[in-house]
1. Ranked highest first by average number of other Cβ atoms within 10 Å, how do 275-286, 253-264, 493-504 line up?
2. Restricting to the chain, compute how many DSSP beta bridges are antiparallel as a %, nearest 5.
3. Could you give the length gained by full extension between ALA567 and GLU268, i.e. 0.36 nm per residue of separation minus their alpha carbon distance, to one decimal place?
4. Can you compute the FRET efficiency between ASP113 and GLU460 using 1/(1 + (r/R0)^6), with r the Cβ-Cβ distance and R0 = 56 Å? Round to the nearest 0.05.
5. Which three extents, in angstrom, do the Cα atoms of the range 11-103 have along their principal axes, listed largest first?
6. Looking at the chain, do any whole DSSP H helices span at least 20 angstrom along their long axis by alpha carbon and average 0.0 or above on Kyte-Doolittle, and which?
7. Give me log10 I(q)/I(0) at q = 0.11 Å⁻¹ for the range 428-547, Debye formula, one equal scatterer per alpha-carbon, no solvent.
8. For the range 183-241, which GluC sites (Glu not before Pro) pass both filters: DSSP loop (anything but H, G, I, E, B) and at most 10 other C-beta atoms within 10 Å?
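No value in this document is a laboratory result; all are computed from the given coordinates. Remember, it's a predicted structure, so these values are computed and weren't measured experimentally. Cβ placement follows ideal geometry from the backbone for every residue including glycine, while neighbour counts extend to all protein chains displayed.
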Amino acid sequence: MRSHYCGGINEAHIDQEVTLCGWVHRRRDHGGVIFLDLRDRDGMAQVVVDPDTPESFALAEKVRSEYVVKVTGRVRRRPAGTENSNMPTGQVELLCKELAILNASATPPFPLDEYVDVGEDVRLRYRFVDLRRPEMINRLRFRSRVTSYIRNFLDSRGFMDVETPILTRATPEGARDYLVPSRTHEGAFFALPQSPQLFKQLLMVAGVDRYYQIAKCFRDEDLRADRQPEFTQVDIEASFIDEQTLMQLNEDMIRSLFRDVLSVELPEFPRMPYAEAMRRYGSDKPDLRIPLELVDVNDLVEGVEFKVFSGPAKDPKGRVAALRVPKGGELTRKQIDDYTRFVGIYGAKGLAYIKVNELAKGAEGLQSPIVKFLGDDVALAIMERVGAEDGDIVFFGADKATVVNEALGALRVKLGHDLKLLTCEWAPLWVVDFPMFEETPDGGLTAIHHPFTAPSCSPEELEANPAAALSRAYDMVLNGTELGGGSIRIHDETMQETVFRILGIDQAEARAKFGFLLDALKFGCPPHGGLAFGLDRLVMLMTGASSIRDVIAFPKTQSATCLMTQAPGEVDEKQLRELHIRLRRSAKAAEGNKAEGDKP
């Protein structure tokens, strides 16, 4: 139907007859000559329709935005002074010889212009129109390129692309499963996979040796800008390998991807222990572009009468930390109040601060209502420890360590962006030496990653002191975003049973949920490990998008709904009966029925 894409014509095609197909981006009538900006996925071309072609001119007068048309004509150079250097096709135009309207269009719900601010709900409702915008189609094209690059890289390293099941059984991986009722097995349910974790481990037992998959995964959890109920990950697993080799292989892949696709040379990835990341940055995915750091001051304040500080300082699970902001003394009271409300989101009860006006004057040069409660000596000792200088402000967090880390860690990132403190464009790292377990609110233990992660100690040492055990896990972080996480896996039945026991999973439950895995570990399971990248997050970072919804063709909203298809939706009674399901009416629905005279 067409000979060229709209974005593909250039000076090499001058005087050639070509046929273009696409959508009318804009129609302009200039003194009896009609100009059509014709758009397809590859770009835009200017079409000139003049009265010398009466039939085509009459059709062009009827054309409106988003009409689908076919144009045949001669490529010619644009008249001097009308060139558009901002367009790849801006030196030429197509003189229309024949125009055909392939389909009309209703008035679009919003202009297809990347500079027009349109509400996301409208964009998602009409996603099939939104994706026509050059910005969006280019992101999908970029995503396709990234996916192809990763496949080619892993293929060249001897990895095998293997598909794993979508219908499986529920496994404890930290989030709720999406359940699928079985029609043929009454009362039984499949689960959509949160990841291919167990299957890729079984592939290692099977001797596949090097596996990868661009895998769809599903998690029924609360959503944020970087979360979706269904998402895509680059899943990788290899046998007879240690963490250093695995980390280097994946680092090489990401550095090559950025170099070849973005022309960006990422620096070497430093290794940082989890404990150091939490101590210095309050986060296990620190943004190293921001030069601010948290500094512990527990020892300096545990003896003061100011219980807001001394209480957490004496608490084994508490923390008092300071965050120095160079030249932050210029912040207004309103800005400080805004930051106080911000840390409240993370559970902080307030945000104490000291402004450093003139250190040479000692405590008199410090401006804060808390100095008198700390005492001059303690206040000055804190200033010395954090390296404060005139014009700075020092913020404080004092609470349970988890609250301080989350609140000051988030404040650090917000301040870094608000005050434009970023020191570079890209800052990658590996976070290593994660704890095996973390404490639950009821005093038990849960796996930091998942229960198939290998510890860096023996089963006996693990059972003797599980809270102190470190895992052989590693996370790749870029600009404060976790790109991927992985670990060396447990390949020994005794170790796996030990981990289950520590997590409170008894033999009967372990056999019921993971019997196939425990059986596999008996039949010569090789040492193995892997990593999974969030493809959506990776593309989001590389394109500069603010949300993964902008790099997914048909995403869900933050309430896990599809505005375009109105999913999830109700199903009829016949389908429910076939699935052996009876719905319980909510209390609200029951009250509504009562009001109408029905029985609940």
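1. Values: 275-286: 19.9, 253-264: 15.0, 493-504: 17.8.
So the peptides 275-286, 253-264, 493-504, ranked by packing, come out 275-286, 493-504, 253-264.
2. Details: 92 of 99 bridges.
Here the share of antiparallel DSSP bridges comes out near 95 percent.
3. Here the answer is 103.3 nm.
4. On the way: r = 66 Å, r/R0 = 1.18.
Working from the Cβ atoms, E equals 0.25.
5. The Cα atoms of the range 11-103 stretch 29, 29, 22 Å along their principal axes.
6. Working: long enough: 134-156 (33 Å, -0.62); 243-257 (21 Å, -0.49); 401-418 (25 Å, 0.32).
Correct list, ordered by number: 401-418.
7. Each listed q maps to, in turn, -0.44.
8. Values: sites: GLU186, GLU221, GLU230, GLU237; in loops: GLU186, GLU221.
Those that pass, being in a loop and sparsely packed, are GLU186.
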